[in-house]
Amino acid sequence: MVLRAEHGWVRLWTPSCMILIIATSYIPTADALIEGLYCGTQVCYDVLSVSQDATKPEIARAYRQLARTYHPDRFRAGDPALAGETEDSAKEKFLLVTTAYETLKDEDSRRDYDYMLDHPEEYYRHYYAYYRTRLAPKVDVRVVILVTVCAISIFQYYSWQSSYKEAISYLVTVPKYRIQATEIAKQQGLLNRPKEKGRNRRTKEEVREQEEEVIRDIIKNKIDIKGGYQKPKMSDILLCKLVMLPYVLVISASWYLSWFYRFTVCREEYGDEEKLYIIRRNMKMSQSQFDSLEDNLKETFLEKQLWIRENYEVYKQEQEQEMKIKMATDPRMKRYRRWMRNEGPGRLTFADD
């Protein structure tokens, strides 16, 4: 702490006061021209030799004239228009002229620049406005979103098609679908063709390959495949879902309102379709998972009245109990438990020395 006497007054200087003075000395001065922003310490209008009220055509005309003069490809030593200029200085002026034109030709950039000239004290706001314009994406965000959605939709479609082909290859080996397809093929005479003779006679391998192809086509086109094995639809991809979203929202809202009115207000009895819907919700299954269940199993659900919550809880406990009994009596589970008890993780057995 320092005491000073000036004109009969005692002035008190503390370390905190000195720190405040030093800190304020680093605060930027209220200068409208900031180095590193726009045209730096020069006014962009002066660089192009136009007034601040100049129109776009006037700015463009001034830029073209100066660009022709200072363009590096047009620089010629001894040119009267470039008296005292070197190749490097002409290049720097050309870059400055280009910067001035880029600043003033865009309405948003010009508005920010004019605001900086009129409000030099808002130092940090000018930095933000400058870099926001420079770093902002030049492509419309809506175009980016559309391209992204289209790319995802194309990937979805081809991925689902590949999975569907693998599913058909698997279903060909499932007895249920194979027997159905074979019966349909025999009814249509696709497998009862007369044997060829002579040169047209096929080998057994060719006949077998043709039969497999017939069975595959019937499973794909004529057998009702439900659940996760069903053929993918164009309406399932992301792009179609987004396009149809307003329609789906309206349909869903009307469906819920109808449900509330029919079964809550009017106290109507549930039909089989409504009962199966409630059962699916109780089981927390998706529509595709529920569709893949056998029809006789769904009939069992209806007989047990599983749309009633209490009945479903009883059914769930029965299923859990049956699963425990099955696991307890399964020889593989017995071997697994024996292994876990004797040599499972965390246990090491050593032979005697």
With residue 131 itself left out, Lys, Arg at +1 and Asp, Glu at -1 over residues whose Cβ is under 14 Å from its Cβ give +1
Of the GluC sites (Glu not before Pro) in the range 252-302, which ones lie in a loop per DSSP and count no more than 13 other C-beta atoms within 10 Å? 268, 269, 294
Please give the length that would be gained between residue 244 and residue 325 if that part of the chain were fully extended, namely 0.36 nm times their separation in residues minus their C-alpha to C-alpha distance (nm, one decimal). 24.4 nm
Just by accessible area at a 1.4 angstrom probe, what is the order of 159, 109 from largest to smallest? 159, 109
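Could you please report the charge total around residue 58, scoring K, R as +1 and D, E as -1 over all other residues with beta-carbon less than 12 angstrom from its beta-carbon? It would help to have the intermediate numbers written out before the result.
On the way: positive: 56, 61, 64, 105; negative: 53.
Spelling it out: positives minus negatives among the neighbours equals +3.
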Can you tell me how much longer the chain between residue 260 and residue 91 gets when fully stretched, taken as 0.36 nm per residue apart minus their C-alpha distance, in nm with one decimal? 53.2 nm
Full extension from residue 74 to residue 205: what is 0.36 nm times the residue separation minus their Cα-Cα distance, to one decimal in nm? 39.3 nm
Heads up, I need the accessible area for residue 133: 1.4 angstrom probe, whole protein in place, Å², nearest 10. 40 Å²
Could you name the aspartates and glutamates whose alpha carbon sits less than 13 Å from that of residue 105, not counting residues in the same chain fewer than 8 places away? 53, 58, 114
Which of the trypsin sites (Lys or Arg not before Pro) found in the range 33-142 are loop residues per DSSP with 14 or fewer other Cβ atoms within 10 Å of their Cβ? 76, 138
Take the Cβ-Cβ distance between residue 43 and residue 83 as r, set R0 to 25 Å, and report the resulting FRET efficiency rounded to the nearest 0.05. 0.60
Cβ-Cβ FRET estimate between residue 143 and residue 277, R0 fixed at 45 Å, reported to 0.05: 0.65
May I ask for the net charge around residue 112, where only other residues with Cβ less than 15 Å from the Cβ of residue 112 are counted and Lys, Arg are +1 while Asp, Glu are -1? -1
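Check each of the GluC sites (Glu not before Pro) in the range 69-153 and keep only those in coil by DSSP with at most 13 other C-beta atoms within 10 angstrom; list them in order.
Listed in order of number, the matching sites are 121.
The values are calculated or read from the model by the stated rules, or taken from the named source; none is laboratory data. Here the structure is a predicted model, which means the values were calculated and not measured. Don't worry about glycine lacking a Cβ; one is built from the backbone with ideal geometry, like all the others, and counts go over all protein chains shown. SASA here: full protein model, heavy atoms, side chains in, ligands and nucleic acids out. Shrake-Rupley method; radii C 1.70, N 1.55, O 1.52, S 1.80 Å.
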